[in-house]
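Read the structure below first, then the notes.
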Amino acid sequence: MVVLWLVLAGAAAPCTVRLGEVAQAGQEVQLPAGAESARADRLLDPGGGEEPLPLAVVWTARVEGEQITAGQQEAARLVTARLVGPAAVPSLSADGQALTAVIAAGPADLPAHLSAIREAASVVGGTSVHLAGPAAAQADLDGAFAKTDGTLLAVALAGVLLILLIVYRNVMMPLLVIAGALAALAVACAVLYALARPGWLPVDGQTQGIVFVLVVGASTDYALLLAARHREELAQQPDPAPAMAAARRATAPPVLASAATIACAMTTLTFSDLPAEQALGPAVAIAMACCAAVSLTFLPAMLVLCGHRTLRPAPQGTNGPWTKTAGVIAHRPRRVWAGCLALLVAGAAFAPLLSQNGIPLHQALSAGAPSAAGHDVLARHFPAGTASPLIVIAPAADAADARDRVAATTGVATATTIPSAPGGRVQILAALKDAPDSARARDTVTRLRASLAETGSLVGGQSAQLTDLHDASVRGHRLIMPLILAVVWAVLVILLRCLLLPLLLVAAAWLSLFTAFGAAALLFHLVFGGSVTEPAVVLFSFVFLVALGVDYNIFLVHRIRTEAWRHGTTAGVHRGVLTTSGVISAAGLILATTFAALAVMPLLYLAQIGCIVAVGVLIDTLLVRLFLVPALILDLGPRTWWPTRLPGDRDRPDSGPAPAAHAGDPGRPAPPTPSL
């Protein structure tokens, strides 16, 4: 088994780099087929080819405040004529301090194309050249993602390694865990590369970054769970092989249920109207399958081969701080879960502060990005939407009326008619006063479409595309979010063979999600000065936190049920808390660390996803799983498993003091039951 995985990982390792080569930066606009902007694109380009991106070349005087001279205007005109055509003339700003020309660039070999354009524009003496617009932003994204893949993986692995060294206090076990995570990542990247290269599964930089951190975090969590159970078995059976066989039998159900929960929850994204969201679901499902396979095959084989040099038996009768935790929960369970519920509700009250109005790309990029600086220069001298105007396609017979309506729309700076659209139509280019990817620009598009509704015109262009994407994303949430909750509940019902407890676990995960949103909103206010984000960030965070929140509860509740089958619910809770609290707390800390590594990515959206998920995992691990869920189960007693009743609860009272752990009985787990 070890040799098989080493061969697979070695053959697949180069694909980790190759995946980054075929992955796009994640900002390509992929529209639902029925969107108005998509229909406008098909009218302009019936062949459906890859269209060039708008680029604004901006010249400003090197000495700030100086006017552009006639000689500089003539030099810029000659440059524009070479780049665009003899009829093209650069525009002079109202303050006379800047010139701009909008040209088409790329998307093939975009960095080289922009470099050539910058070099050609630099011949205008006495001026500084700035590049802005979608083409410049795309080039910055491509370059930034290409440089951060290795950094992201290194930061995630470094955080995991540090925590594992603290947990195990030796070097070999952390190295085995890291080796398993890298093997799972290599195989997952190989599968994704095989699907992405022919275009069957489009993978972008955002998907790649999420897969990286999820594989490292989930593989490590599963390894911790297996290792903890192996240590328990070694205390009863010193031979590593039988001990691992028992540990693997006991660990397989929660690991498979956990991987299935995340995979099924993410697969619901295929119901989204947006291609980028549709691709993320299968990619994560593939990654989770690799994590579960490595955790249940490669790592057990390595632990058996290494024997006691890697793991020592669990010490008898020592449970550390978790004994006190179990005692607190058992003393007054109703007060414990009511207090936890109050804290979660208080945090969730701040969730409305997290706005989904969207972040303009020049603000989402790092502060040093050239396109962000170019946008600031452009916006100082021209309408902010100059680089990417709206394209209104109107019937030729109503061209004058349509142009008047466009010009009269609030938020439109200029409107220019170009009689070049096919099918007896004309184009009207509308430059917006606001950045084309801002919330105000989307409001302008909505007003403009309402004004043109009677004319049969179509509104396209970048702002219209982003408006359609935003609307489709918000509509998708209404379908996908309830579907995710239903899928997670169904997986829990299959695992736990009951109806009530899965419902409570899903409700707890849902509430902790909104608590995470509230806490993240406050954090964003402190760090970024605002709590605005994208609808996709909310959706992805919802998917991950519901799936991962239930994930840790699966580890806990499966152990409680196994113990309760033999000893009763009260004793099962006590034993389950003692045996799982340490490993699950460490696993939650590791997963939060790996998602926090997304902060090194060059896009604010990904940093926000990492922050929300990291905060949510900590809330779920340290509050929901450690106190709320055990207290609820204790308060409900045998009714927890409705409509079934466990054998351990028959002929036992519904409640009672939890059995005390002692040196002779360290919480020996019951054998796996046939139903599990």
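Please verify whether PHE627 is within 18 Å of the chain's Cα centre (by Cα), in a helix (DSSP H, G or I) and at pLDDT 80 or above, treating the condition exactly as stated. In short, no. Filtering GLY339, GLY317 for residues that are modelled with pLDDT under 90 and within 30 Å of PHE627 (Cβ to Cβ) leaves a single hit, GLY317. If you take the residues in segment 254-304 that are of a type outside the set (A, V, I, L, M, F, W, C) and over 20 Å from MET481 (Cβ atoms), which one is most open to solvent (accessible area, probe 1.4 Å)? Going through the qualifying residues, I end up with THR297.
When LEU501, LEU485, LEU548 are checked against the criterion of being at pLDDT 85 or above, closer than 30 Å to THR580 by Cβ, open to solvent by less than 10 Å² (accessible area, probe 1.4 Å) and not aromatic (Phe, Trp, Tyr), LEU501 stands alone in meeting it. For ARG440, the criteria (1) within 21 Å of GLU534 (Cα to Cα); (2) out of contact with any Asp or Glu (no Cβ under 8 Å at 6 or more places or on another chain) hold in every case but one, which is (2).
Can you tell me how many residues in segment 362-387 are assigned to a helix (DSSP H, G or I) and crowded, with 22+ Cβ neighbours inside 10 Å?
6
The single condition among (1) modelled with pLDDT under 85; (2) in contact with a helix residue (DSSP H, G or I) (Cβ under 9 Å, 6 or more places away or on another chain); (3) of a type in the set (A, V, I, L, M) that LEU526 does not meet is (2). Restricting to segment 232-252, name every residue that is at pLDDT 85 or above, in contact with a Pro (Cβ under 9 Å, 6 or more places away or on another chain) and open to solvent by 30 Å² or more (accessible area, probe 1.4 Å). Of everything in segment 232-252, those that are at pLDDT 85 or above, in contact with a Pro (Cβ under 9 Å, 6 or more places away or on another chain) and open to solvent by 30 Å² or more (accessible area, probe 1.4 Å) turn out to be ALA245, ARG248, ARG249. In segment 388-499, counting only helices (runs of 4 or more DSSP H) that sit wholly within it, the ones holding 1 or more residues that are closer than 30 Å to HIS558 by Cα, under 23 Å from the mean Cα position of the chain (by Cα) and in contact (Cβ under 8 Å) with a residue 60 or more places away in the chain span 462-496.
Within segment 553-599, being open to solvent by less than 10 Å² (accessible area, probe 1.4 Å), at negative phi, in contact with a Gly (Cβ under 6 Å, 6 or more places away or on another chain) and not hydrophobic (A, V, I, L, M, F, W, C) holds for GLU563, THR569, THR594. Return yes when ASP434 is of a type in the set (Asp, Glu) and in contact with a Lys or Arg (Cβ under 9 Å, 6 or more places away or on another chain) and no when it is not. Answer is yes for this residue. Residues that are open to solvent by 10 Å² or more (accessible area, probe 1.4 Å) and under 19 Å from ILE554 (Cβ atoms) do not occur anywhere in segment 210-217.
Return the pair list, or none, for Cβ contacts closer than 6 Å from residues in segment 64-89 that are touching a residue at least 40 places away in the same chain (Cβ under 8 Å) to residues that are charged (D, E, K, R), at least 6 apart or on different chains. Nothing qualifies.
All conditions but one from (1) modelled with pLDDT of 90 or more; (2) buried (at least 18 other Cβ atoms within 10 Å of the Cβ) apply to ALA326; the one that does not is (1). For segment 90-143, which positions are closer than 23 Å to LEU603 by Cβ, outside any helix (DSSP H, G or I) and touching a residue at least 24 places away in the same chain (Cβ under 8 Å)? Correct list: ALA105, GLY106, PRO107, ALA108, HIS130, LEU131, ALA132, GLY133. Residue count for segment 603-617 under the criterion of being open to solvent by less than 10 Å² (accessible area, probe 1.4 Å), under 9 Å from the mean Cα position of the chain (by Cα) and closer than 17 Å to VAL211 by Cβ: the result is 4.
Taking segment 394-407 as the range and being touching a strand residue (DSSP E or B) at 6+ places or on another chain (Cβ under 9 Å), surrounded by fewer than 22 Cβ atoms within 10 Å (Cβ to Cβ) and of a type in the set (A, V, I, L, M) as the test, the residues that pass are ALA396, ALA399, ALA400, ALA407. Identification of helices (runs of 4 or more DSSP H) wholly contained in segment 168-286 with 2 or more residues that are within 21 Å of LEU606 (Cα to Cα) and among the basic types (Lys, Arg) yields no element.
Counting the residues of segment 362-399 that are in contact with a Lys or Arg (Cβ under 7 Å, 6 or more places away or on another chain), over 20 Å from ASP434 (Cβ atoms) and hydrophobic (A, V, I, L, M, F, W, C) gives 3. Any residue at all in segment 439-457 that's under 21 Å from LEU390 (Cβ atoms), in contact with a His (Cβ under 7 Å, 6 or more places away or on another chain), open to solvent by 20 Å² or more (accessible area, probe 1.4 Å) and at pLDDT 85 or above? Yes, that holds for at least one residue. Is segment 640-654 home to any residue that is over 18 Å from the mean Cα position of the chain (by Cα), assigned to a loop (DSSP other than H, G, I, E, B), modelled with pLDDT under 50 and more than 20 Å from ILE584 (Cα to Cα)? Among the residues of segment 640-654, at least one is over 18 Å from the mean Cα position of the chain (by Cα), assigned to a loop (DSSP other than H, G, I, E, B), modelled with pLDDT under 50 and more than 20 Å from ILE584 (Cα to Cα), which makes the answer yes.
The values are calculated or read from the model by the stated rules, or taken from the named source; none is laboratory data. Just so we're clear, the structure is a prediction, and the values are computed from it rather than from any experiment. Note that each Cβ is placed from the backbone with ideal geometry, even for glycine, and that neighbours are counted across all protein chains shown. What goes into the accessible areas is simple: the full protein's heavy atoms, side chains included, and nothing from ligands, DNA or RNA. Shrake-Rupley method; radii C 1.70, N 1.55, O 1.52, S 1.80 Å.
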